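Scroll down for the structure; my scribbles are underneath it.
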Amino acid sequence: LARMIPRLRAGVDLVVASPYHPEGAVRNVPRYQRALSQSLAFFYRSLLRQPLHCYTSGFRVYRRSTLLTLPALRSGRTGITEMLARLDLAGATIVEHPVVLDARIFGRSRPHAVRALAGHAGLLAELVWRRLRGDGRTRATRGELRPQLP
């Protein structure tokens, strides 16, 4: 956080930790997890305004005033990605911060893969629908940050 907070300078609404950033790294993470994350990034990158390396990272720093404009609609990991998508479509400025992602040493993550994939598929379908309708691809002016994902 100490390295990410300074990147939240004037005009930046969100800083996302990204292991897939060219200066980041992924170590000891199963290949299928990397492939899944990179596949999701490809789809989100094709539908959103800002070409990020990672859209699913939950390690982020938000500008408080921007975060308060986001009603929570989805829960869990998909909800985190939805918040990024809402900000992106509303014209927010999002920057990435390179990090190193390493496999857990203790404990066990319990990602419910089927539920997570279904959630991302639903969010991606919603973004495709918005794009087909022609909304969500233009940059909003500062002060008009009102994310409108249904």
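Select, from LEU8, LEU40, the only residue that is open to solvent by less than 60 Å² (accessible area, probe 1.4 Å), within 17 Å of ILE94 (Cβ to Cβ) and in contact with a Lys or Arg (Cβ under 8 Å, 6 or more places away or on another chain). Step through it out loud before you land on a result.
Numbers: LEU40 fails: in contact with a Lys or Arg (Cβ under 8 Å, 6 or more places away or on another chain).
Criteria check complete, one pass: LEU8.
Given the conditions (1) within 24 Å of ALA121 (Cα to Cα); (2) in contact with a strand residue (DSSP E or B) (Cβ under 9 Å, 6 or more places away or on another chain), and given that GLU23 satisfies all but one, which numbered condition is not satisfied?
(1)
Of all residues in region 94-115 being surrounded by fewer than 18 Cβ atoms within 10 Å (Cβ to Cβ) and within 18 Å of the chain's Cα centre (by Cα), which is modelled with the highest pLDDT?
Taking region 94-115 first, the residues surrounded by fewer than 18 Cβ atoms within 10 Å (Cβ to Cβ) are 98, 100, 102-115.
If we keep only those that are within 18 Å of the chain's Cα centre (by Cα) too, we end up with 98, 100, 111, 113, 115.
Values: PRO98: 95, VAL100: 92, PRO111: 60, ALA113: 72, ARG115: 82.
So the residue we want is PRO98.
Pairs only if they're at least six apart or on different chains, beta carbon under 9 angstrom, first in region 29-57 and in a helix (DSSP H, G or I), second of a type in the set (Asp, Glu); list them, first residue then second.
From region 29-57, the pairs are TYR44/ASP88.
Within region 53-93, count every residue that is surrounded by fewer than 16 Cβ atoms within 10 Å (Cβ to Cβ) and among the charged types (D, E, K, R).
Total satisfying the criteria: 1.
Limited to region 119-150, what total is found for residues that are at pLDDT 65 or above, within 17 Å of LEU73 (Cα to Cα) and loosely packed, with under 12 Cβ neighbours inside 10 Å?
Qualifying residue count, region 119-150: 1.
Assuming LEU47 fulfils every condition listed in (1) closer than 25 Å to ASP135 by Cβ; (2) at pLDDT 95 or above apart from one, which condition is it?
All conditions pass for LEU47, except number (2).
Take the residues in region 58-73 that are outside any loop (DSSP other than H, G, I, E, B) and free of Cβ contacts under 8 Å to residues at least 60 places away in the same chain; name whichever of them is nearest to the chain's Cα centre (by Cα).
That would be ARG60.
Criterion first (over 10 Å from the mean Cα position of the chain (by Cα) and either closer than 22 Å to ALA2 by Cβ or part of a helix (DSSP H, G or I) (or both)) does VAL16 satisfy it?
Details: over 10 Å from the mean Cα position of the chain (by Cα): no; either closer than 22 Å to ALA2 by Cβ or part of a helix (DSSP H, G or I) (or both): yes.
Criteria not met by VAL16.
The values are calculated or read from the model by the stated rules, or taken from the named source; none is laboratory data. This is a predicted model, so every value here is computed, not measured. We place every Cβ from the backbone using ideal geometry, glycine too, and count neighbours over all the protein chains shown. We work out accessible area using only protein heavy atoms, side chains counted, and drop any ligands, DNA or RNA first. Shrake-Rupley method; radii C 1.70, N 1.55, O 1.52, S 1.80 Å.
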